[in-house]
Amino acid sequence: VSTDLEVRRRALQCVATMSASDHSCGVLVENDVVQTLQHVALQGAADRHSHFYIAGALANLAKNGFGPRMVMDGGLEAVLLFGRSTFVDVQGVAAQAMANLAQDASQHKAIADRGGVYLLVDMSRSPDVHVRAHAGTALALFTQS
């Protein structure tokens, strides 16, 4: 018998896996999955693994060209929340999501307006090499626009 948390984790893991495919990203976005992910992230009841999967799904959506829709649907707020996580693996995936978003110069204003640049600067000082690398990539992309 699975607990509610185990079921949630498995569902979020499936969403994260599906989001790695261009075609599946479109299906997820069309079905308002970003809003659902944001709701789960912001309700505070999710755990480290759930946050990791949500951040991963949002990073994949941004990488696969759905960054503007992700931002419009509230996904950036979840990414910024995860960037402040006490869990380095969650921070790393959030930094990756921000780097993926920052590849689209049209998203720079949304990231900056929500304090994302300050967060990226903080993340660039992380003891974790992956967090620093993704934060540095995102910051470098900001300098190119």
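The values are calculated or read from the model by the stated rules, or taken from the named source; none is laboratory data. From a predicted model like this one, the values you see are computed outputs, not experimental measurements. Counting neighbours? That spans all protein chains shown, and the Cβs are built from the backbone with ideal geometry, glycine included. Heads up: the accessible areas ignore ligands, DNA and RNA and are worked out on the full protein's heavy atoms, side chains in. Shrake-Rupley method; radii C 1.70, N 1.55, O 1.52, S 1.80 Å.
Listed by first and then second residue, the pairs with beta-carbon distance under 6 Å, at least 6 apart or on different chains, first residue in the stretch 13-27 and acidic (Asp, Glu), second surrounded by 15 or more Cβ atoms within 10 Å (Cβ to Cβ) and modelled with pLDDT under 95, are Asp22/Asn64. I'd like to know if the stretch 86-99 contains one or more residues that are open to solvent by less than 80 Å² (accessible area, probe 1.4 Å) and of a type in the set (Phe, Trp, Tyr). Checked against the condition, which is being open to solvent by less than 80 Å² (accessible area, probe 1.4 Å) and of a type in the set (Phe, Trp, Tyr), the stretch 86-99 yields no hits at all. Set side by side, the residues Gly75, Gly116 differ, and just one is buried (at least 17 other Cβ atoms within 10 Å of the Cβ) and at pLDDT 95 or above, which is Gly116.
Quick check: anything in the stretch 48-58 open to solvent by 80 Å² or more (accessible area, probe 1.4 Å) and closer than 20 Å to Leu81 by Cα? Yes, the conditions are met somewhere in the stretch 48-58. Selection of the stretch 63-72 for residues being open to solvent by less than 10 Å² (accessible area, probe 1.4 Å) and of a type in the set (A, V, I, L, M, F, W, C) yields only Met70.
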